[in-house]
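First up is the structure itself, then whatever we jot down about it.
The values are calculated or read from the model by the stated rules, or taken from the named source; none is laboratory data. No experiment lies behind these values; they were computed from the predicted model shown. Note that each Cβ is placed from the backbone with ideal geometry, even for glycine, and that neighbours are counted across all protein chains shown.
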Amino acid sequence: MKLTFLGTGAGAPSKVRNVASVTLDLIPENGSVWMFDAGEGTQLQLMKTTTSLARLNRIFITHLHGDHVFGLPGVLSSRSLQAQASPMHIYGPAGISDFVEATLRLSNTHLTYDLSVQEVEDGETIFHDSRFTVSVRALDHVVPSLGYRIEEDERPGALQVDRLRALRLSPGSLYGLLKAGHTVALPDGRVINGEDFLGPGRPGRVVAITGDTRPNQATVDLAQGADVLVHESTYGPSGAIMAGRFGHSTCTQAANMAARACVRTLLLTHFSARHTSEDLDELQTEARAVFPNTFVMRDLDEMDIPFAPRDEA
């Protein structure tokens with residue numbers, strides 16, 4: 001499980017930052033990559049990474065401002081030009097269907113794969129498979145803006161090999177069945193329930209990703225207990241009035257949300273073009289005064305998401 005920040009800027013691209021997009025690499029877990037927002041130039045940023053469009057199969061849009069969606073038609077078209085055939089699923093607020101349909105129709109773009117677009121609402125569980133669940137919360141911006149919570153199912157405990165060897169069971173395919181929790185009948189008549197030979201399970205990882213938002217209780221609910229919170233940080237502390245006026249957050253407000261939600265790590269993104277690289281270092285310092293485990297993200301930064309230590313689980 002790994003996050004890659006394709007764009008960490010707000011409003012418009014700059015010489016040092018592209019606009020909003022982040023990918024969640026789930027290739028080790030389920031063979032796919034998910035994208036959250038696709039601002040202008042996202043496909044160019046994607047080419048600077050090792051991520052393949054062939055693995056990208058879900059895109060989650062937080063809101064319809066251009067710095068979060070203007071790159072979406074290009075991503076869809078480029079994936080088609082590569083003759084990809086696997087389906088693509090898009091999730092977003094009301095209006096995302098019209099946006100996608102209009103841009104593809106007016107540009108005469110014909111996709112080589114099936115495309116589904118789902119408009120989602122506050123509180124919905126919008127995706128669930130054998131390993132992950134995605135839910136959505138409405139946040140507080142000047143247009144409808146969503147946050148997404150990605151929850152991994154609990155991981156099974158370790159197979160207690162010493163106990164199995166004490167029963168004179170040799171390693172092999174049998175161990176795989178027991179690790180999966182199956183009940184196995186042995187040739188000598190014994191019946192072994194795999195669940196009886198598993199250690200304590202380990203909670204799955206949780207990632208929360210906000211769209212543009214003012215501080216609000218929904219963000220705290222979205223991120224409660226998350227391993228990682230990705231939160232916008234358009235302004236520094238001195239920009240609190242502008243942040244409130246335009247539906248954004250400061251770095252310290254984001255840090256306060258992380259503290260209230262009891263997350264493990266806060267990753268800041270979506271910085272105003274007025275901020276220099278040196279400014280970002282200051283934003284990180286200011287945020288850490290409120291929430292110590294805070295990191296400022298820059299374009300193409302990557303962050304692995306490990307399991308919580310067992311003494312924290």
**Item:** Meets criteria (assigned by TED's automatic domain parsing to the domain that holds L229, over 22 Å from M1 (Cβ atoms) and at pLDDT 90 or above) for D129
**Value:** no
**Message:** Take residues that are more than 30 Å from E278 (Cα to Cα) and tell me which of the strands (runs of 3 or more DSSP E) falling wholly in segment 17-128 contain 2 or more.
**Reply:** 32-36, 56-60, 88-92, 115-119, 125-128
**Request:** Working only within segment 270-292, note down all residues that are exposed (fewer than 14 other Cβ atoms within 10 Å of the Cβ), in contact (Cβ under 8 Å) with a residue 24 or more places away in the chain and either among the basic types (K, R) or over 15 Å from R17 (Cα atoms) (or both).
**Result:** A289
**Prompt:** Which condition breaks for R137 when tested against (1) surrounded by fewer than 14 Cβ atoms within 10 Å (Cβ to Cβ); (2) within 22 Å of V206 (Cβ to Cβ)?
**Reply:** (1)
**Item:** Any chance S173 is surrounded by 14 or more Cβ atoms within 10 Å (Cβ to Cβ) and not acidic (D, E)
**Value:** no
**Item:** Of residues in segment 145-158 being more than 16 Å from R205 (Cβ to Cβ) and within 19 Å of the chain's Cα centre (by Cα), the one surrounded by the fewest Cβ atoms within 10 Å (Cβ to Cβ)
**Value:** S145
**Prompt:** Hey, among the residues in segment 253-269 that are free of Cβ contacts under 8 Å to residues at least 40 places away in the same chain and surrounded by fewer than 22 Cβ atoms within 10 Å (Cβ to Cβ), which one's nearest to V207 (Cα to Cα)?
**Reply:** T265
**Complete set of residues in segment 136-148 that are assigned to a strand (DSSP E or B) and either more than 16 Å from I90 (Cα to Cα) or free of Cβ contacts under 8 Å to residues at least 60 places away in the same chain (or both)** = V136, R137, A138
